[in-house]
Amino acid sequence: MKHFFIVLVVLSFSLANAQFYEGTIYLKDSTEIKGLIKAKTFGGLKYKESESSDIKEFEDNQLSGYDIKEDGTIDKYRFKDVQGVSRKMKIVRLGKINLYSIFVSNSSTAMGMGLPTSSGNVYFLEKNNITIRTGVKFKNGKLHLIEDCPMLIDKIEKKEFNKREIIKIIEYYNKSCI
């Protein structure tokens, strides 16, 4: 009975992880491929044209990005170079300044448990085709990116926008600044 339970649990996890979702793959050569896709745990994608099709795999270095529809929402990911390193980032907002995020989880090795101690989004800004890391808040050193919008800088300095409200800051910039 114990062995049966173990096999059942392993199969359940395998089936849960085998889920493909409707999506679009964007290759570096500008080709778009629509079908069923699944992000692999350690990078790359699995692709099927339909449920009964064979699986084809794509590595990150072949991709410029992908969109995946899961639970009625479409998440969009793009590969961006930051200081010479290509990173997969989720699109948060697009406009005059694009905002991307990467979800990170830092773990503690205290007592050898490796339990997460903090997690959240690290943000990246893209303006004039240059992508830079801003972190979890809009730091003073990044104000040069919005220097063409003194009204927004004033609002940040007067604390009308909290520096951790990166999404609101970028939304305001894209909507209200030149």
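The values are calculated or read from the model by the stated rules, or taken from the named source; none is laboratory data. This one's a predicted model, so the numbers in the text were calculated from it and none came from an experiment. Neighbour counts run over all protein chains shown; Cβ positions are idealised from the backbone, glycine included. Areas reflect the complete protein model, heavy atoms only, side chains present, ligands, DNA and RNA absent. Shrake-Rupley method; radii C 1.70, N 1.55, O 1.52, S 1.80 Å.
Charged side chains reduced to their Cβ positions (Lys and Arg at +1, Asp and Glu at -1) give region 42-178 a dipole of some 600 debye around its Cα centre. A dipole drawn for region 56-178 from +1 and -1 charges on Cβ atoms has a positive end, and of Ile153, Phe103, Ile68 the residue lying farthest that way is Ile153. Computed from point charges on the beta carbon alone (+1 for Lys and Arg, -1 for Asp and Glu), the dipole magnitude for region 114-158 about its Cα centre is near 180 Debye. Remark: region 162-175, residue by residue, has Karplus-estimated 3J(HN,Hα) of 6, 5, 7, 8, 4, 4, 5, 4, 5, 4, 4, 4, 5, 8 Hz, where x stands for each Gly or Pro and the curve is 6.51 cos²θ - 1.76 cosθ + 1.60 at θ = phi - 60°.
Spin-label model, Lys175 to Glu157: label points 7 Å out along the Cα-to-beta-carbon direction sit 2.4 nm apart. Each residue of region 59-66 is assigned a 3J(HN,Hα), and the resulting list reads 8, 3, 5, 8, 9, 9, x, 7 Hz, derived from the Karplus form 6.51 cos²θ - 1.76 cosθ + 1.60 (θ = phi - 60°), x at Gly and Pro.
Note that region 96-104 has calculated 3J(HN,Hα) couplings of 4, 10, 8, 10, 10, 9, 10, 7, 10 Hz, one per residue in order, obtained from phi through the Karplus relation 6.51 cos²θ - 1.76 cosθ + 1.60 (θ = phi - 60°); glycine and proline are x. Residue separation of Asn121 and Lys34 scaled by 0.36 nm, minus their Cα-Cα distance, works out to 28.5 nm of gained length. Label separation (Leu94 vs Gln62): 2.4 nm, computed from points 7 Å beyond Cα along the C-beta direction. Taken per residue, the accessible surface of region 35-86 reaches 64 Å², heavy atoms only and a 1.4 Å probe.
Measuring r between the beta carbons of Arg133 and Thr41 and using R0 = 25 Å, the FRET efficiency lands at 0.60.
Extension gain, His144 to Glu49: 0.36 nm times the residue separation minus the Cα-Cα distance gives 29.7 nm.
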